[in-house]
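Comments concern the structure below.
The values are calculated or read from the model by the stated rules, or taken from the named source; none is laboratory data. Predicted model only: the values in this text are computed from it and were never measured. Heads up, the Cβs are rebuilt from the backbone with ideal geometry, glycines too, and the neighbour counts pull from every protein chain shown.
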Amino acid sequence: MRKIIAVIKVLFGTAGRKYPGFFVLKVIRMIVNIGMPFIALFISPRIVDEIVGARDVKRLVTLTVILIAGEAICQLINDLCTNHINRYSSRIEKYFNVMIGRHVMELDFQLTEDKEALEQIEKARIGMEWYSGGVDGVSDEFFGFLSNLFKAVGFITVLAVYAPILLVVMVVYTGINALFVYKCNKIGIEAFAKLSKVNRLFGYFGWSIVDPRYGKDIRLYEAKDMMLDSWKENTRKSNSHWKWQGDTCFPYNLTSAFLSLARSIFAYFYVARLAIRKVIGVGTFTQLIAAEGGLNGAIGGMVGNVTELIERCSYAYEYVVFMEYPEALTKGTRPIEKKQHEIEFRHVSFAYPKTDRKVLDDVSIKIAPGEHLSIVGLNGAGKTTFIKLLCRLYDPTEGEILVDGVDIREYDYVQYMQQFAPVFQDFRLFAFSVKENIAFSDSDADVTALTDRVGLHDFVDGLEKGTETNIFKFFDEEGVEPSGGEQQKIAIARALYKDAPVVILDEPTAALDPIAEYEIYRQFNSLVGGKSAFYISHRLSSCQFCDKIAVFSDGHIAEYGTHAELERIEGGLYAQMFEAQAKYYKD
């Protein structure tokens, strides 16, 4: 019951505020559906009695017209409502897809790398689409229950007057059938819980096979067979879940079918006996048979509505859970200005969630306002993790990070994120225009000066639509496919456009040769000017533009100082790395 209330409150509240007409139409259709069977229930017996009795033609015609016209009008209203409801349903489904997508983008970054959170996203998505039917599916069962409830009351009244024993049999049958339906729905919910991981893997392999970004690797490394075999294996697992659900429910469904047959046979014999004994007339006989069938349908419908509502709400509840998913990071409220900052790591250690290995261990460093810091070290030394902590994508396991002497957890999260313009090694461009990839929301932005500064003048000049040209061909056949180096330059232009006080380059120039990388850093360093800047690179060209260098090794800052200071450390890690790459830095 708790899940049903939560789902109805969230789903109906959200959809009702956006599309109130949807529920108005649902109520109108419900009222029409309640009244429709009772037109025939009360008019048809009178027609039968008239045929076997007085045979008044005028009265027969009048009753027939009332019956046909009443049902026709009800059917017309029902069809019109259904047509408009279906239109609303499509809009509401897309609206909730947008809600899920927006919340995914608003989740703390830490959760996007968390297995449980990823599975919850998948449960929410498929729970709203495939299993619950979304708002339309849940509301169908809710209003269907109300409709069947009112119908049942009417049918029970008729049966209670003329055939009370039949009413008792119907109640017993309904109770047994409800138990069977409940067990089948419980089995379905258990199957759904097992399917989320299988569906996520199925989707991953399925989309990876057809995603053109993986095309070169799949072909050159002959990965097709592995991908297809994985897809087939996950399909087999998915099918086995469905088979288990069907096989487990089969005995209950079969027994229910036999009970329904037995109930129908008893009903006909019992009512026929009353008619033969002349306890009831022919018209009442037809009315009782119709009422018995109608009550069976209404009670069965109610049982189905309730059990289906429980099942659908159990699935849709995953959406409620996802939308209320707890934050991974504590958010403060302290305002922070966009200005130069003093940054300090004080005894910071960090291990990724659900692991014990410390990626950073007791790191302490202070960066003055406007200082340019180069961060170097071997793979796995903790360089990128250092930046993730600074940007509050994660919080330290131990110690604290201070900005202007204040723990960053006290600052307003959105304002704090506005202080940084990072370009990560695994940056992403989107299938929008070049300008949109740089400026995002500012449609009137002029980014030409920035593209020129980062070395994209020839690239942009060669495009027919200039910076209005779409990147990639996902949505535009005339889209451009930038090279790896061109994509990196667009990402750097994006960071510059943000105009944040702290700029970060986390190995974004890996696709460039050493000379091109040197030119990028040289230009970038002049563009950054007095802003604070962090440079991470395996190649040490960035170091010559920086005030200080921090050499990371095994999660520690092994060496710290200027280029001249570190170069003189005999046997030092930086000196060894620089010597190995010296050929790139000779004039």
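A few remarks follow.
- Residues being within 19 Å of Asp499 (Cβ to Cβ), aliphatic (A, V, I, L, M) and in contact with a Ser or Thr (Cβ under 7 Å, 6 or more places away or on another chain) - total across segment 379-435: 1
- Residue check, Arg236 part of a helix (DSSP H, G or I), at pLDDT below 80 and charged (D, E, K, R): no
- Residue match in segment 274-286 (condition: part of a helix (DSSP H, G or I), in contact with a helix residue (DSSP H, G or I) (Cβ under 9 Å, 6 or more places away or on another chain) and modelled with pLDDT of 80 or more): yes
- Condition check for Leu456: buried (at least 16 other Cβ atoms within 10 Å of the Cβ), over 24 Å from Glu106 (Cβ atoms), at pLDDT below 90 and touching a helix residue (DSSP H, G or I) at 6+ places or on another chain (Cβ under 9 Å): yes
- Taken together, Ala439, Ala421 contain a single residue that is under 20 Å from Asp395 (Cα atoms), aliphatic (A, V, I, L, M) and buried (at least 17 other Cβ atoms within 10 Å of the Cβ), which is Ala421.
- Segment 289-309 residues that are closer than 17 Å to Pro164 by Cβ, paired with ones that are buried (at least 21 other Cβ atoms within 10 Å of the Cβ) and among the polar types (S, T, N, Q) (beta carbon under 9 Å, 6 or more apart): Ile299/Asn148; Ile299/Asn177
- Residue match in segment 40-49 (condition: without any contact (Cβ under 8 Å) to a residue 12 or more places away in the chain and either closer than 13 Å to Ser139 by Cα or of a type outside the set (Gly, Ala, Ser) (or both)): no
- From the list Gly301, Gly294, Gly281, Gly332, the lone residue that is closer than 30 Å to Asn33 by Cβ and under 32 Å from the mean Cα position of the chain (by Cα) is Gly301.
- Leading residue by the ranking (farthest from the chain's Cα centre (by Cα)) among those in segment 60-103 that are free of Cβ contacts under 8 Å to residues at least 60 places away in the same chain, more than 28 Å from Ile31 (Cβ to Cβ) and surrounded by 14 or more Cβ atoms within 10 Å (Cβ to Cβ): Leu60
- In segment 216-231, the residues that are under 26 Å from Ser483 (Cβ atoms) reach residues that are of a type outside the set (Lys, Arg) and in a loop (DSSP other than H, G, I, E, B) with C-beta atoms within less than 7 angstrom, at least six apart or across chains, in these pairs: Asp217/Ala223.
- Sub-6 Å Cβ pairs linking a first residue in segment 413-433 that is in a helix (DSSP H, G or I) to a second residue that is of a type in the set (Val, Ile, Thr), at least 6 apart or interchain, are Gln415/Ile336; Tyr416/Ile336, ordered by first then second residue.
- Taken residue by residue, segment 405-412 has at least one member that is more than 30 Å from Gly485 (Cα to Cα) and crowded, with 20+ Cβ neighbours inside 10 Å.
- Answer from Ala316, Ala328, Ala291 - the residue that is outside the structural domain of Val48 (by TED's automatic domain parsing) and touching a Phe, Trp or Tyr at 6+ places or on another chain (Cβ under 9 Å): Ala328
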